[in-house]
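Undergrad: Just dropping this structure here.
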Amino acid sequence: MPTFHTPLLHHHSRLQQAFPTLIRLRFESRFTESAGRGVFATRKIGAGDLIHTAKPILAHPSLSTINTVCYFCLKKLTSTEFHGKGVAFCSQECKENAKVFYEVETKADWLAFDDYCRNKGLKYPLLVKRLACMVISGAASAESLDILQPSNLSHEMVLEMEEGYGLLKRGFAMANISDEQMAFLTKKWYNSVLARIRINAFRIELAVGSYEDLLSSASACVEAEAAVGNAVYMLPSLYNHDCDPNAHIVWIDSADAQLKALCDVEEDEELRICYIDVSMDRDARQSFLLQGFGFKCNCLRCSSGD
Ligand SMILES: [Zn+2]
Ligand SMILES: [Zn+2]
């Protein structure tokens, strides 16, 4: 059974059921200004505590790391798994789990699509392609990401997306995927998925690359390496932002995420993560959040001018 979560969660109650016991979700806009929903602690959580783990709905390596990390979980490949050419998996399990997209994907030639992403420095169309493969294989619903907030797309962005959409569609058509199987793949679908991925994808930086690195690094300060890829999650995307967050997301050795408390959190307190680099000054944070995420940050830190 694939461990990929492909939720068809259209009702809050179903989402709530899927929640770990330490948190609950509120959809009341009274509590959260930016998104109209938020994640709250159901009981006291101590600094450093693991709040919950999260498996990605979608994950994809960066094009620069595609030959050195697992094509499914983004774990660093060891030399024995590393084929030197093409993609590889870290384990039999990942190879099995990847079938949900890989069998469809390998039917087509993605050279033009990948070149388009590489030349324009785009990473999110790769996630759209992966989701499209999963929808075609029947492993995911075309509406999988609908619950996530979309970003606003400017006219220029929509025009920019046309090329990627065309290349994606052409790739599947050349692989003899039938029109019926591709019925979901409209320009509207492509833009809507990309709009959601744009503000909900996490850039994954692994704390450690391998077991050896883990042994050699001081446990108190693990150096973050450069991004190995990008991933979209369900629960972590429902956390609101704060420039002085009480929770953060960490990746140890793969795209499986851990949500941890940064300080003591009281029962009923909202859990918030920082969407951007916390070390930026107030003006930089404000413009980054407005342009990238579409909201004006009114957190305590911003209000106090810090
Ligand atoms: Zn793997
Ligand atoms: Zn702020």
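The values are calculated or read from the model by the stated rules, or taken from the named source; none is laboratory data. From a predicted model like this one, the values you see are computed outputs, not experimental measurements. When we count neighbours, we look across all protein chains shown, and the Cβ atoms used for this are built from the backbone with ideal geometry, even at glycine.
Undergrad: Please indicate, with yes or no, whether at least one residue in segment 243-250 is surrounded by fewer than 21 Cβ atoms within 10 Å (Cβ to Cβ), of a type outside the set (Phe, Trp, Tyr) and free of Cβ contacts under 8 Å to residues at least 24 places away in the same chain.
TA: The answer is no; no qualifying residue exists.
Undergrad: Does Asp109 fit the bill of being more than 21 Å from the chain's Cα centre (by Cα) and either outside any helix (DSSP H, G or I) or modelled with pLDDT of 95 or more (or both)? Before you say what the answer is, go through the steps one by one.
TA: Working: more than 21 Å from the chain's Cα centre (by Cα): yes; either outside any helix (DSSP H, G or I) or modelled with pLDDT of 95 or more (or both): yes.
In short, yes.
Undergrad: While we're on this one: Specify the residue that is surrounded by the fewest Cβ atoms within 10 Å (Cβ to Cβ); the eligible residues are those in segment 251-306 that are part of a strand (DSSP E or B) and in contact with a Pro (Cβ under 9 Å, 6 or more places away or on another chain).
TA: Of segment 251-306, the ones part of a strand (DSSP E or B) are 251, 257-261, 265, 270-273.
Subsequent filtering for residues that are in contact with a Pro (Cβ under 9 Å, 6 or more places away or on another chain) retains 257, 259, 271-273.
Details: Ala257: 22, Leu259: 24, Leu271: 23, Arg272: 22, Ile273: 19.
The extreme case among them is Ile273.
Undergrad: Mind listing whichever residues of segment 249-289 are touching a His at 6+ places or on another chain (Cβ under 7 Å), hydrophobic (A, V, I, L, M, F, W, C) and away from ligand 2 (no atom under 16 Å from the Cβ)?
TA: Leu259
Undergrad: Okay, next question. Exactly one condition in (1) more than 11 Å from ligand 2 (Cβ to nearest atom); (2) at pLDDT below 95; (3) not in a helix (DSSP H, G or I) is false for Asn230; which is it?
TA: Result: Asn230 fails condition (2) only.
Undergrad: Moving on. So, in segment 240-262, how many residues would count as being of a type in the set (D, E, K, R), within 16 Å of ligand 1 (Cβ to nearest atom) and at pLDDT 95 or above? Let's see the steps before the verdict.
TA: The initial filter retains those residues of segment 240-262 that are of a type in the set (D, E, K, R), namely 242, 244, 253, 256, 260.
Those left that are additionally within 16 Å of ligand 1 (Cβ to nearest atom): 253, 256.
Among the residues that remain, those that are also at pLDDT 95 or above are: 256.
Total satisfying the criteria: 1.
Undergrad: Tell me the residue from Phe101, Phe89 that is within 19 Å of Ser137 (Cβ to Cβ), part of a helix (DSSP H, G or I) and either in contact (Cβ under 8 Å) with a residue 12 or more places away in the chain or not assigned by TED's automatic domain parsing to the domain that holds Ser137 (or both), please.
TA: Values: Phe89 fails: part of a helix (DSSP H, G or I).
The conditions single out Phe101.
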